[in-house]
Amino acid sequence: MEANHNINLPEGSIEKQTTTLNFGPTHPATHGVFQNIMEVDGERVVSTEQTVGYIHRAFEKLAERRPLYQITPITDRLNYCSSPINNMGWHITCEKFLQIETPKRVDYLRIIIMELARISDHLICNSIVGVDTGAYTGFLYVMQYRELIYEIYEEVCGSRLTTNIGRIGGFERNFTNTAFTKLERFLKEYPKVLTEFESLFTRNRIFMERTQGTGGISAERAMNYGFTGPNLRAAGVDYDVRVASPYSSYQDMDFTVPVGSTGDNYDRFLVRNAEMWQSLSIIQQAYNKVQSFKGTEAEVYHAEVPEYYLPKKEDVYTKMEALIWHFKIIMGEIDLPKGQIYSPVEGGNGELGFYLISDGGRTPFRLHFRRPCFIYYQAYPELIKGGMLSDAVVTMSSLNLIAGELDA
Amino acid sequence: MRPVRFNVHPKEASIAEAISMGVAPDGVSGDGFFATQLSSVVGLARKNSLWPLPFATSCCGIEFMATMASHYDLSRFGSERVGFSPRQCDLLMVMGTIAKKMAPVLRQVYIQMAEPRWVIAVGACASSGGIFDTYSVLQGIDQVIPVDVYVPGCPPRPEAIIDGFMKVQDLVGQESIRRRNSEQYKALLNSYGIQ
Amino acid sequence: MALSNEFIQEQLVNKFGDQVFQFSSANGMLSFESSKDLNLKVLQFLYDEPSLGFTFLTDLCAVNYPDNVGGELVVVYHLHNLKENVRVRYSIATAVATPDVFTASKLFEAANWMERETYDFFGVNFVGHPNLKRILNVDEMDYFPLRKEFPLEDQTRIDKDDEMFGRG
């Protein structure tokens, strides 16, 4: 987009200069602490330089100090809008590394929780895109349904946001009937809400004019920048970790991967909406599969891994073996096998990878998180170059930048 | 399976229970007048219209968004208008981890706020560094700015954030008019290096 | 034609001979190493060769092995061929005294910030990087925190007692 001035000023004159605008780190439109020092020419953005690290919490160094089960609370705080996905991704990494096979019921329950988390993440992103274009209603309306998702998490693990859900090998307790009832209520009520949310924005003339054509990126550039997740799919590449490297029995689920074409803000919004519909369908399928387990099979909620899964308290107080395992796990006497593994999972923003290297001690030698937000935020100057300042704001929120994941 | 009670029993709405009158401050009342201390009136006015500045950095910020949303509505307490300009706000709500890189920014925002100003540290990270005892995280925002109320939790439930907010309201309602000019307050700010 | 680990290994050995070594296939992913001067050539080969086509850089990070004298800092590249859905792990070692490694940011834009992060945490100097400065830590920091020799906690904090954490 070329800047179209009506005033012709001679080159090098004092009036023909760009303004340096400091956008952030405390700014209502940057959802999270990002700073962009922008050169703006009137309303057009000429270039920008980002500063990140305002919430660097040294997760990778922290993980070198902690045994595997203590790392789960740190993974919560990566993409905190969908923390169950991070937790499950970490547990799946550990299980792959330790060669633990989880029962099917555990996998399906995990799928339910992960897709609920994906819905909650996309809800925040899309409603905040709405807020940034001026429509606050959608946000307030869908937050009610995020509360329902939080209630489901609370039934399973006790916590709303930073869930620390599950254990290596499965879950800490079986899902109660209340959890299933709440899930059914969600499945019944949410489609109507999502339809209403879509009808507010998808064919809304103002929203379309704000978001179409802004913040676009081509598929080749997106792949070169390392984009993954809804941002890459909006650009036209159908890469989804759930399909490419299936984990937790995703291969048993039947779903499609929505793909956009131009990679602009509107496509990202549509892709996230479509993914929410797909997630609903996946949850329904997984729930049906869970309901089909009867009898003792319906009581299975974890794999048998005494070295890593805390035994039941009744057993700890009565049986010697359980007591010994409890002691060994808590006091950290379990040594990890040597080796390294890279295990990706489809987070709300893309491929969340866990690169774990162990040298045989009780804590990882090195744990590196491949954080999708960090990698695709590099493309932000290219996305907003030549566009208007207000479009830069909408682009930032449609990329779904979560500060915790960016800085780790 | 333990018995579970759902919150689905409809409650009869009774007007008498739904409305409660606020407590009036001590004073002398008569036919058409009510005399009380200036500080009580000012405190009453201020505490029921605190305008917060949400300084949301991480996970606690999402719980704050849930607090501001319709389920746990914070605007019932008078903070309908959240502002992002320090000049226009009374209450700085610091939610989330403050890294050492962010600390000067936080201090700058605090300095830009006009008196009277209060600070809530929401969450374990803002209160004391939380689970992040690392080289890059500030171990509590009270290293750089004076704090009035600390709300523990990781993240604190919206009810806890509202509880913290109500404690700030108590502080605001009972604050003496002369507090901001007193020697102790000046000494407190000096200890942080803020004039 | 399915791209198998043996095929990739064969192609690499045909091109680079014994300059690529330490092939292993733990957990299904082929990993190999080479010396650090070859890193751009190997990455370019993996990118350009039509039968290999590793055009997606998934991850770039470093690991500090303090006991491995002469190769204390290991830079690890994770590459991905999206069409055939095959991943490969490539690592190069560099000494901590001369931590210079050629930058991959001309080939992959994604490497730009990942190399800055690696520099910030480990001090690996990426030669040719357009903007190699600290990204996540404060700019004034004068050490590289993720190296094993440095502690996790901030040593100047006064409110937490290391004795209570078993680290007195």
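The values are calculated or read from the model by the stated rules, or taken from the named source; none is laboratory data. These numbers come from a predicted model, not from an experiment. Please note: Cβ atoms are built from the backbone with ideal geometry, for glycine as well, and neighbour counts cover all protein chains shown.
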For segment B:114-195, give me every one of the helices (runs of 4 or more DSSP H) that falls completely inside it and has 1 or more residues that are farther than 30 Å from A:R65 by Cα. B:158-173, B:183-191
Any hit, segment B:177-194, residues being of a type in the set (V, I, T) and either within 30 Å of A:G158 (Cα to Cα) or in contact with a Phe, Trp or Tyr (Cβ under 9 Å, 6 or more places away or on another chain) (or both): yes
Could you tell me which residue of segment A:1-45 is modelled with the lowest pLDDT, considering only residues that are among the β-branched types (V, I, T) and surrounded by 14 or more Cβ atoms within 10 Å (Cβ to Cβ)? A:T30
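Just for segment A:149-171: of the residues that are free of Cβ contacts under 8 Å to residues at least 40 places away in the same chain and of a type outside the set (S, T, Y), which one is nearest to the other protein chains (Cβ to nearest Cβ)?
Per the criteria, the residue is A:R160.
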Residues of segment C:111-168 being at pLDDT 85 or above, out of contact with any strand residue (DSSP E or B) (no Cβ under 7 Å at 6 or more places or on another chain), surrounded by fewer than 20 Cβ atoms within 10 Å (Cβ to Cβ) and of a type in the set (A, V, I, L, M), in sequence order, are C:V138, C:M141, C:L152
Residue within segment A:250-269 that is within 23 Å of A:C125 (Cβ to Cβ), acidic (D, E) and surrounded by fewer than 20 Cβ atoms within 10 Å (Cβ to Cβ) present: no
One residue is enough: does segment C:133-143 have a residue meeting the conditions within 12 Å of chain A (Cβ to nearest Cβ) and touching a Cys at 6+ places or on another chain (Cβ under 8 Å)? no
Any residue in segment A:31-44 that is within 14 Å of chain C (Cβ to nearest Cβ), touching a Ser or Thr at 6+ places or on another chain (Cβ under 9 Å) and free of Cβ contacts under 8 Å to residues at least 12 places away in the same chain? no
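Part of a loop (DSSP other than H, G, I, E, B), β-branched (V, I, T) and more than 10 Å from chain A (Cβ to nearest Cβ) - does that describe any residue in segment C:91-100?
Looking through segment C:91-100, at least one residue is part of a loop (DSSP other than H, G, I, E, B), β-branched (V, I, T) and more than 10 Å from chain A (Cβ to nearest Cβ).
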Within segment C:46-55, the residues that are in contact with a Leu (Cβ under 9 Å, 6 or more places away or on another chain), free of Cβ contacts under 8 Å to residues at least 60 places away in the same chain and not in a loop (DSSP other than H, G, I, E, B) are C:L46
Output the residues belonging to segment B:121-162 that are within 14 Å of chain A (Cβ to nearest Cβ), surrounded by fewer than 19 Cβ atoms within 10 Å (Cβ to Cβ) and among the acidic types (D, E). B:E159
Starting from residues that are touching a Cys at 6+ places or on another chain (Cβ under 8 Å) and in a loop (DSSP other than H, G, I, E, B), keep the ones in segment B:21-78 and report whichever is modelled with the highest pLDDT. B:W51
Just a yes or no: is a residue in segment C:67-88 loosely packed, with under 14 Cβ neighbours inside 10 Å, in a loop (DSSP other than H, G, I, E, B) and more than 14 Å from chain A (Cβ to nearest Cβ)? yes
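Going through segment A:47-68 one residue at a time, which ones are in a strand (DSSP E or B) and within 10 Å of chain C (Cβ to nearest Cβ)?
A:E49, A:Q50, A:T51
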Among the residues of segment A:310-327, is any of a type outside the set (S, T, Y), over 24 Å from A:E172 (Cα atoms), out of contact with any Cys (no Cβ under 8 Å at 6 or more places or on another chain) and not in a helix (DSSP H, G or I)? no
Failed condition for A:I71, given (1) in contact with a strand residue (DSSP E or B) (Cβ under 9 Å, 6 or more places away or on another chain); (2) within 14 Å of chain B (Cβ to nearest Cβ); (3) farther than 24 Å from A:L336 by Cβ: (3)
Could you please find all residues in segment C:15-35 being on the phi > 0 side of the Ramachandran plot and either aliphatic (A, V, I, L, M) or within 13 Å of another protein chain (Cβ to nearest Cβ) (or both)? C:Q22, C:N27, C:G28
Report whether or not A:G138 is modelled with pLDDT under 90 and within 30 Å of A:V393 (Cβ to Cβ). yes
Residues (touching a residue at least 60 places away in the same chain (Cβ under 8 Å), hydrophobic (A, V, I, L, M, F, W, C) and within 11 Å of chain C (Cβ to nearest Cβ)) located in segment A:230-268: A:L232, A:V241
Could we say that B:V94 is within 11 Å of another protein chain (Cβ to nearest Cβ), crowded, with 17+ Cβ neighbours inside 10 Å, among the hydrophobic types (A, V, I, L, M, F, W, C) and part of a loop (DSSP other than H, G, I, E, B) here? no
Those residues of segment A:284-313 which are touching a strand residue (DSSP E or B) at 6+ places or on another chain (Cβ under 6 Å) and charged (D, E, K, R) amount to none
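So that you can scan it fast, the table gives a plain yes or no per residue for (1) within 28 Å of A:G360 (Cβ to Cβ); (2) crowded, with 24+ Cβ neighbours inside 10 Å:
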position	(1), (2)
A:Y80	no, yes
A:T93	yes, yes
A:I113	no, yes
A:V131	no, no
A:I149	no, no
Restricted to segment A:365-408, and to residues that are charged (D, E, K, R) and within 12 Å of chain C (Cβ to nearest Cβ), which residue is nearest to A:F201 (Cα to Cα)? A:E382
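Results for (1) without any contact (Cβ under 8 Å) to a residue 40 or more places away in the chain; (2) charged (D, E, K, R); (3) over 30 Å from C:F23 (Cβ atoms), shown as yes or no for each residue.
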{"site": "A:E304", "(1), (2), (3)": "no, yes, yes"}
{"site": "A:Y308", "(1), (2), (3)": "no, no, yes"}
{"site": "A:G332", "(1), (2), (3)": "no, no, yes"}
{"site": "A:D335", "(1), (2), (3)": "yes, yes, no"}
{"site": "A:V345", "(1), (2), (3)": "no, no, no"}
{"site": "A:F354", "(1), (2), (3)": "no, no, no"}
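Here are some residues: C:L43, C:L12, C:L38. Which one is among the hydrophobic types (A, V, I, L, M, F, W, C), away from every other protein chain (no Cβ under 12 Å), closer than 27 Å to A:P364 by Cβ and not in a strand (DSSP E or B)?
Numbers: C:L12 fails: closer than 27 Å to A:P364 by Cβ; C:L38 fails: closer than 27 Å to A:P364 by Cβ.
It is C:L43.
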Scanning for something more than 14 Å from chain C (Cβ to nearest Cβ), touching a helix residue (DSSP H, G or I) at 6+ places or on another chain (Cβ under 9 Å), touching a residue at least 40 places away in the same chain (Cβ under 8 Å) and surrounded by 21 or more Cβ atoms within 10 Å (Cβ to Cβ), does segment A:220-229 turn up at least one residue? no
